[in-house]
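Engineer: Encoded as C-alpha cells, here's the structure I'll be asking about.
The values are calculated or read from the model by the stated rules, or taken from the named source; none is laboratory data. Please read these numbers as outputs of a predicted model, since none were measured by experiment. Counting neighbours? That spans all protein chains shown, and the Cβs are built from the backbone with ideal geometry, glycine included. Calculation scope for accessible area: heavy atoms of the full protein, side chains included, ligands and nucleic acids excluded. Shrake-Rupley method; radii C 1.70, N 1.55, O 1.52, S 1.80 Å.
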Amino acid sequence: MIGSILRKDVRLLWPLVAVVAGIQAGFEWASFKTGLPGANAVAGDLLRPLALAWNFGIVALAVAAVQEDPLPGVDEDWLIRPIPRTGLLLSKLIFILVAVALPMLLLNVAHAVAMGFPLWSSFAHALGKELYVFLCLVVPAMALATLTRNLAQLVLLAAVLVLAWTLGLVVSSALLGLARCPTCNTGLSWLQHLLQHGVVLAGAIVILILQYYRRRTHLARILAVAGTAALAFVQLPWSSAFAMQQRLAVRADAPNAVSIVIGGEAQPTARLGGEPLPTEAAHRATRAFLRGDVDSVAEGLGQLARGSAEMVAVALPQRVTGLAPDQVLLIDRSEVFLADGAGRILYRHSNAAQAPGPFLVSPPDATVTGDAPDLIDQSVLLPLSAYTQARASRGTLQLSYSLTLMGLAAQYRMSALEGRLRTPALGLCRSTAERTLVRLRCQQLGNAPSCFSATLYAADGRHNPTEWACTPDYRTHVPDPQQILSFAGLELPIHDPAGLARYAVEASGLPGAQLALRIYAPLRHFSQLSRLSAPSADVRPE
C-alpha cells in the first residue's frame, strides 16, 4: 500500500520535485562560487533569492504531498478504502525524504568533496543537516498541511498564525521588555533556538497524530494557533542557559584567576543622560515592528513604560586582571542592580549597555606580564530618581557579569598574496590583496570558529594592527539548515584613502608578507559579581 501511494505521488508531483531539485542545485552552485576570494559576482547576487526559494520550495513540496490526500472533510475516497492511517503517514514521510532530503544530501556532499574535504566527514555533516531540516522544517510544514485541504486554506491559516505570533510578541514585549529574550544576540542563543525548535516539533507531532489517527481538525487548528501565540513566551532563563553552557565547556578546569576590576585609578563618573520622549519612542517602536526587529520593539516599549524620566549615565572604568597573553575575555551578559543603604533593590536592568569586550591583553606578538594595562569604559543608564535615592542612603551599584574565557586553540601562518592554507581549525583559507586591504576568506566543514584574529607581517618583521573577528557562538553540533560549509573571514586594511591612518605594511610591502592567524576557543564560562558605592561625583549636565 505504501508503494502504491508513493508511485501515485511521484506521478502527480514530479514537476514540483524537479523544480525544487533545480533550486537546490542552483543554491549549491551559488554557494560554491561565492565561498572564497575571487567569487563570481552574479552568483553572490543570486545566493540570497535562491536561499529564499529553497525554503519556500521545500515547504511547498511537503504541503503538496500531504494535500494530495487531504485529511479535513469526509469526501475523500481513502476514507472508505482499506488504507491504514500509519501507511498513509509513512508514505508521505518517505516521499518527502526521497524528494527533498536525498538530492540536497548528494549536492552538499559533492560541494564539500569538490572543496577537498573528506568524503566520510562530508557525508556525516550532510546527514546531520538533512535530519535537522527534516525535523525542524519539513515535519512542521506537514503538520500545517494536514489542517487544510488546498492552497487557499493554507494561506488563510498562515495569515492567522502570523497574526497570533505577532500578538504574542507584542504582549511578551509589553510585559517583559528587554527581558523578553534573555539569550538573544548572545553566544547562548543556540540553546534558545533548540528549545523553540523542540517545542514546534512536539506540537507538529501532536497535530499529525490528531489528524492521521483521530481526524480532530478543529482541535488541531486551535492547538496550532494557541501554540504559535504561546511560542513567544517560551524563553530559556539566562541562569539555566548559562548553567547548561558551563557544563558543555571545553575545559572546566581552566584557570580562574581572571576578573574584572571596576574603578581603581580612574573613578566612576556620572552625568545626566537623555532619554527619548514617549512620542519618539513610540515612532521608533513602530518602525522597528514594520522591519520585523522584535528586540528594538521591546526596547521601544520599555522606553514608553519609563516615560520621559531623566536618566543618569554612569561611566565605569574597567580593568581586566589575570588575563594571559594568549587569552581573550568576552562579556556575554551584564546585569545592573542599584540598591539603597538597606539593601533594597531600587533599579534592575539586564544588558543595560553594550558589553565593552572583548578585553584583549595585548597584540599577539607582545610579551606582557601582570594585569592588562588598558582601561575600557562601560556606560550604564540609571533613573535619576533611583540614583539620587541610592546616593542619599549610601547605596551600592552592583554589576553581575556572565563571562567566557577564550584561549588560544591554534595558530598558523600563510602568505598574504594569493595565499592558500588548509587547517583543521579553519578549513580551507585563501587570501587576496586589493588596493586598500588584504582579504582573508575561510571555508570550513561544520561550524567555523567564533573568535579568531589575523595580523599582517612584512618580511622584515613590521606588522599592522591585529584585526579581530569575535562573534560569540558557542554551539557545538547544531548545523546550518542550508549548507554544511561555514564561512569566516577578515579584511585587513593596508591603505587609508583619506590619509588619516598610516600602516606599517602597505601594498608595496606585501611581497613576502605573511598573515599570522590565531584561533580561540572557549575555556571556561563563569560569573562575577562586582559591588561599588553609588558614584559620589556630582551629576553634571551634558
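Engineer: Compute the signed sum of charges (Lys and Arg +1, Asp and Glu -1) over the other residues within less than 12 Å, Cβ to Cβ, of ALA416.
Structural biologist: Taking every Cβ under 12 Å from that of ALA416, the sum is +1.
Engineer: Ok, one more. Quick check: with the 1.4 Å probe, what order do PHE32, PHE134 take by accessible area, largest first?
Structural biologist: PHE32, PHE134
Engineer: Taking the Cβ-Cβ separation of LEU195 and VAL10 as r and a Förster radius of 30 Å, what is the calculated FRET efficiency to the nearest 0.05?
Structural biologist: After rounding to 0.05, the efficiency reads 0.25.
Engineer: While we're on this one: Once fully extended, how much extra length lies between SER508 and ARG216, figured as 0.36 nm per residue of separation less the alpha-carbon to alpha-carbon distance? Mind showing how you got there, number by number?
Structural biologist: Working: separation 292, 0.36 × 292 = 105.12 nm, distance 7.35 nm.
Length gained between SER508 and ARG216: 97.8 nm.
Engineer: Could I ask something else about it? FRET efficiency for LEU532 and CYS184, Cβ-Cβ distance as r, R0 = 30 Å, nearest 0.05?
Structural biologist: Calculated value: 0.60.
Engineer: Would you mind checking the stretch 135-158 for residues with the amide N under 13 Å from a putative spin-label position 7 Å along Cα→C-beta of ASP480?
Structural biologist: Inside the label zone: nothing.
Engineer: So how much accessible area does ARG391 have, in Å² to the nearest 10, using a 1.4 Å probe?
Structural biologist: Roll a 1.4 Å probe over it and ARG391 shows about 90 Å².
Engineer: Counting only the backbone N, which residues of the stretch 165-199 are under 12 Å from the spot 7 Å out from the Cα of PHE233 toward its beta-carbon?
Structural biologist: The answer is 168-169, 171-173, 175-176, whose backbone nitrogens lie closer than 12 Å to the label point.
Engineer: Just add up the charged neighbours of ILE494: K/R +1, D/E -1, any other residue whose Cβ is under 14 Å from the Cβ of ILE494.
Structural biologist: Spelling it out: positives minus negatives among the neighbours equals -1.
Engineer: Now, a different point. At what distance in nm do the modelled label points of ALA226 and GLU418 sit from each other, each positioned 7 Å from its Cα along Cα→Cβ?
Structural biologist: Simple spin-label model gives 6.7 nm for this pair.
Engineer: Between ASN150 and LEU248, what is the FRET efficiency for a Förster distance of 51 Å, r being their Cβ-Cβ separation, to the nearest 0.05?
Structural biologist: Efficiency, rounded to the nearest 0.05: 0.65.
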